[in-house]
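The values are calculated or read from the model by the stated rules, or taken from the named source; none is laboratory data. Source: prediction; values computed, not measured. As a convention, Cβ positions derive from the backbone with ideal geometry for all residues, glycine included, and neighbour counts pool all protein chains shown. Accessible surface is based on the protein model in full, side chains and every heavy atom, while ligands, DNA and RNA are left aside. Shrake-Rupley method; radii C 1.70, N 1.55, O 1.52, S 1.80 Å.
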Amino acid sequence: MNDIPAEAGKPDDVRRALALLNAAGARIGNSLDLDTTARELLDVAVPQFCDLASVDLYPEVFSGEDPRAPEGPDGTRPLRRVAFASAVSDGPITLGHHASGAPDPDPVELGSVHRYPAGSPYADALRTARVQRATGTLVQSTLAVPMVARGRVLGLVQFSRTKGSEPFGERDAALGAELAARAAVCVDNARLYRREHERALILQRSLLPPDDPEAAGLDIACRYLPGSTATEVGGDWFDVIELPGHRTALVVGDVMGRGLRAAVAMGELRTAVRTLALLDLEPAEVLAALDEIARGLGASRDGRGDQSGRAADLSEVYLATCVYAVYDPVTRRCAFANAGHLPPVLVEPRDDGGEQSALLLEVPRGVPLGVGGEPFEETEVELPDGSLLALYTDGLVESRYQPLDEGLQALRTTLSGPDRPLEDVCDEVLGALETHHGEDDIALLLARIQGLPAESVGDWRLPAEPKSVARARELARRQLAAWNLDDLGDTTELLVSELVTNALRHGTGFPPAEPGGDIRLRLLLDRTLVCEVWDSGLVQPRRRRARDTDEGGRGLQLVDLLSAGWGSRRTPRGKTVWFELSLPQDGEPKPPDSAEALLSLF
């Protein structure tokens, strides 16, 4: 604390000064909001210490940056007026003239940016980081007090006394400096918090999918609302992940906790989700793997896990809730798994076109990620065309102003009703529910079910015999002609032939099996062309580089060369090998020539 001179004969002034400092300690810095902290300072100072006062801060403070030193030939920089208080006027007043004869600044409106004249006591206080005094006509005495914290000047406080009040003395100057110093530390804490908040928000936004994610058989709309600047960023996230066979994974999760740590944990879990999704695991398997990852992250981060890599207790792990769903636009079925998250909401269409009603899906609610010890269950639901599926985080339906039950009912009510565009539904949900509390992040993901039309699907069963290779080529050629995709005919025939041949050589047919089993061929048309070949073999295909003297082994090399992507996934009764081709666009080059591709392998 700055020393406050104890001038003889004024014990009442000393008591008032100590009372003022006690009030400052109790009232200043109760929030991490810059404007609020500035107002708290003036609430303490006016009228107990001065008749009017103002607070100006450098613009960098509001963005969390370190304030720069005064620059330029006159050593002045712009400031923003953030607070003003007066016991003699309702608004800014002209302060008269300084003792030097230089005019005072014009009245400054709250929120405006201004600059103090070079050579004025205000500019000198900012430049030297020392208290300066000024006198005038209407205002007879002013203290220009720089706000200094951690060696940086953040702004300036003016304490002024009008005619009829006692001019400021040495004790007053020391007291004003102490008040400004206490407020400056609180302002700097708010600045540093705001910087962390902005960095966490930037990190979180960079990890979310684009505003208009696309998926086969789904119309998607999404919203993300961060908490207020006075609330630390949470770990809410959502994702839309394209899977083979025009399927789509829909994910919504919430990392428990706040701040940059929660945002980083969210990024790690989201990356893990995408990696696991591309392995084409079942939803329950994805959550089981995520649970292990969450526990491992906590143990490795804190360095207190046991030798098995498990964290010692729940305080050392990342806890998160998550819903993971996989939608198949061909079957219109969606598989759900839940790790402690709120249930999805489904709105099914009515055949008579009447009012739709929303219901909470009965998806078994497992334990949060990071707890461990319990398996995750999986539920499959048929979603008819026109259905609306909503995934969300608890910030949408729960706050101190809105109990969970009321929030869920409000969400169901808003989602119900006549069919309307998804973007409008998102806006209606955010408008109807208590979403401006700022206590928590909010994530909302809506998906309207469209499904692939029957004419966009070709599906055949072929006997497990050599002549099925030619039959598969013929079926693929006919289907592409029906879709007006003759430019892809040669490439598709060649790759279909390779996959069916591999199924005959290395698979065991597709059940239900008659002698030798069946092979299933499916073509799907949406934004791309997908070909899938099923068999009941469990061995996954593996691409290898054939030697020059090998007669075979180049099939998957050819598939990799000619397709936009390929892969294999497990099924409950075997495997599916697939490849994908981009659709030709007007003005774009035709697909690579299959004959040239064949020659390049030899």
* To do: Determine, from the Cβ-Cβ distance of THR413 and PHE62 and an R0 of 51 Å, the FRET efficiency 1/(1 + (r/R0)^6), rounded to the nearest 0.05.
  => 0.85
* To do: Note down the accessible area of ASP280, probe 1.4 Å, to the nearest 10 Å².
  => 20
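At 0.36 nm per residue, and after removing the present C-alpha to C-alpha distance, how many nm does the segment from LEU360 to ASP487 gain when stretched out fully? Present the calculation step by step, with values, prior to reporting the outcome.
Numbers: separation 127, 0.36 × 127 = 45.72 nm, distance 4.66 nm.
Extra length from LEU360 to ASP487 when fully extended: 41.1 nm.
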* Asked: What does the accessible area of CYS334 come to, in Å² to the nearest 10, when a probe of 1.4 Å is used?
  -> 0
* Asked: Any idea which of ASN484, ALA454, LEU433 is furthest toward the positive side of the dipole for segment 423-485, if Lys and Arg beta-carbons carry +1 and Asp and Glu beta-carbons -1?
  -> ASN484
* To do: Give the relative contact order (percent, whole number) for segment 147-227; include only Cα pairs under 8 Å separated by 6+ residues.
  => 25
* Report the calculated FRET efficiency for LYS163 and LEU430 (r = Cβ-Cβ distance, R0 = 56 Å), to the nearest 0.05. => 0.55
* Asked: Probe 1.4 Å, all protein chains in place: accessible area of LEU175 in Å², nearest 10?
  -> 10
* Residues in segment 158-196 that a label on ARG15 would reach, taking backbone N under 13 Å of a point 7 Å out along Cα→Cβ -> none
* Does segment 163-290 classify as rounded, prolate or oblate by the C-alpha gyration tensor (a ≥ b ≥ c root eigenvalues; a/c under 1.5 gives rounded; else a/b over b/c gives prolate, otherwise oblate)? -> prolate
* THR571-TYR401 FRET efficiency (beta carbon distance; Förster radius 45 Å; 0.05 resolution) -> 0.40
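State in Å² the accessible area per residue of segment 105-165; use a 1.4 Å probe, count heavy atoms of protein chains only, and round to the nearest integer.
Details: 2720 Å² over 61 residues.
On a per-residue basis, 45 Å².
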* Structure fact -> For segment 368-452, the percent of accessible surface on carbon and sulfur atoms (probe 1.4 angstrom, ligands and nucleic acids excluded) is 45
* What whole-number value in Å² describes the accessible area per residue of segment 345-485 for a 1.4 Å probe? -> 49
* Per residue, how much space in cubic angstrom lies within the convex hull of the C-alpha atoms of segment 401-502? -> 212
* Asked: If the chain between ALA470 and THR271 were fully stretched, how many nm would it gain, using 0.36 nm times the residue separation less the Cα-Cα distance?
  -> 67.4 nm
